[in-house]
Amino acid sequence: MSVHSGGGEAVRSGPGRVLVAVYGVFALAATSRAAVQIATRFAEAPLAYVLSAFAGVVYIVLTVALARGARRVAVAACLVELAGVLVVGTLSLADPAAFPRATVWSGFGSGYLFVPLVLPVIGILWLLRGVRRA
Amino acid sequence: MNGAYSGWLIGAALVLALVSLITTVRNRPMGPVLLAGLGLLELAVLAQAGFALAGLGNVAEKATFIGYLAGTVVIPPAAIWWGRAERTRWGPAVIVVAAFSVAVMTGRLLQLWSAGA
């Protein structure tokens, strides 16, 4: 991890801890769910399950980056997450046949109270706010 | 796994989340009430895990079921650790997330349980 300059503590303390906690839960949930799906019934919906696994990896990266105060990695991962939820959300509504099984990002995260859609926006706002203050 | 017991557990976890939220809004760090609440929640999810594993034969989605069980057991101690480390309002804010997650995961456990029975 290269970015520990100055603002690291500002990123991971205070409200940052809540972000780490939420991302931690999502990392755990998405990764283990994808692992089970790929291990037991990959053939049913390969694309959806690979996307679920990818989402899980993004959440793991974000949890670690936020917990270590690696701001640049965290912002990049938030952008990937936001792009993922927007693209997959749109595709899952436009072409439901391509997604016979739900991913975390289907329907813009509607199966998870839209948390996957809101979280990266909050994450980016929090990370950038820290930049200005530091 | 016992539906009524797990129903009470979900309710208790939501109450704990509410108390933590009030603590966050009042700008207080984690106090003895939240600490005791998390301790009791941990005992409750351990008991639930015991019941659930005893009847594991009824569940179709075993891997997912065990994953959620492990999640509920791991989360309260993590929240205690966090509440002690962050001595501001944001400690209880983490506990809100933790307690709510336990409630949601217990709900998913109940779904998996009744689907397999």
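The values are calculated or read from the model by the stated rules, or taken from the named source; none is laboratory data. Values in this document were obtained by computation on a predicted structure and should not be read as measured data. FYI the Cβ positions are ideal-geometry reconstructions off the backbone, even for glycines, and counts take in every protein chain you see. Just the protein is used for accessible areas: all its heavy atoms, side chains included, with ligands, DNA and RNA removed. Shrake-Rupley method; radii C 1.70, N 1.55, O 1.52, S 1.80 Å.
Summary table below
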{"item": "Using alpha-carbon coordinates, inclination of helix B:3-25 to the longest axis of chain B, degrees", "result": "20 degrees"}
{"item": "Rounded if a/c under 1.5, otherwise prolate or oblate - region A:82-134, Cα gyration tensor axes", "result": "prolate"}
{"item": "Cα gyration tensor, region A:36-93 - rounded (a/c under 1.5), prolate or oblate", "result": "oblate"}
{"item": "Per-selection Kirkwood Rh - region B:31-89 (Cα, Å, 1 d.p.)", "result": "12.7 Å"}
{"item": "Loop trypsin sites (Lys or Arg not before Pro), region B:1-98 (other Cβ atoms within 10 Å of the site Cβ: 12 or fewer; DSSP)", "result": "B:R26, B:R87"}
{"item": "Carbon/sulfur fraction of accessible area - region B:4-53, other protein chains in place, 1.4 Å, %", "result": "82 percent"}
{"item": "Proportion of all alpha-carbon pairs of chain A beyond 25 Å (%)", "result": "27 percent"}
{"item": "The protein assembly as shown pair-distance distribution - Cα-Cα, 5 Å bins, rounded %", "result": "1, 7, 13, 16, 17, 17, 14, 10, 5, 2, 0, 0"}
{"item": "In the A-B interface, the accessible area buried, summed over both sides, Å² (probe 1.4 Å)", "result": "1100 Å²"}
{"item": "Highest-MSF residue in chain A out of A:G14, A:G56, A:G89 [GNM, Cα springs under 10 Å]", "result": "A:G14"}
{"item": "Largest to smallest principal axis extent of the C-alpha atoms in chain B, angstrom", "result": "45, 22, 17"}
{"item": "Accessible surface, chain A, averaged per residue in Å² (probe 1.4 Å)", "result": "47 Å²"}
{"item": "Helical mean residue ellipticity (222 nm; -39500 (n - 2.57) per DSSP H run of 4+; nearest 500) of chain B", "result": "-29500 deg cm²/dmol"}
{"item": "Tilt relative to chain B, helix B:62-85 - C-alpha long axis, 0 to 90 degrees, to 10", "result": "10 degrees"}
{"item": "Distance from region B:14-61 to region A:84-134 (C-alpha centre basis), Å", "result": "28 Å"}
{"item": "Summed side-chain charge close to A:V73 - residues other than A:V73 whose Cβ falls under 13 Å, Lys, Arg +1, Asp, Glu -1", "result": "+3"}
{"item": "Net dipole in debye of chain A [+1 Lys, Arg Cβ; -1 Asp, Glu Cβ; about Cα centre; nearest 20]", "result": "500 debye"}
{"item": "Cβ-based net charge around B:T72, under 13 Å, with every Lys or Arg adding one and every Asp or Glu removing one", "result": "0"}
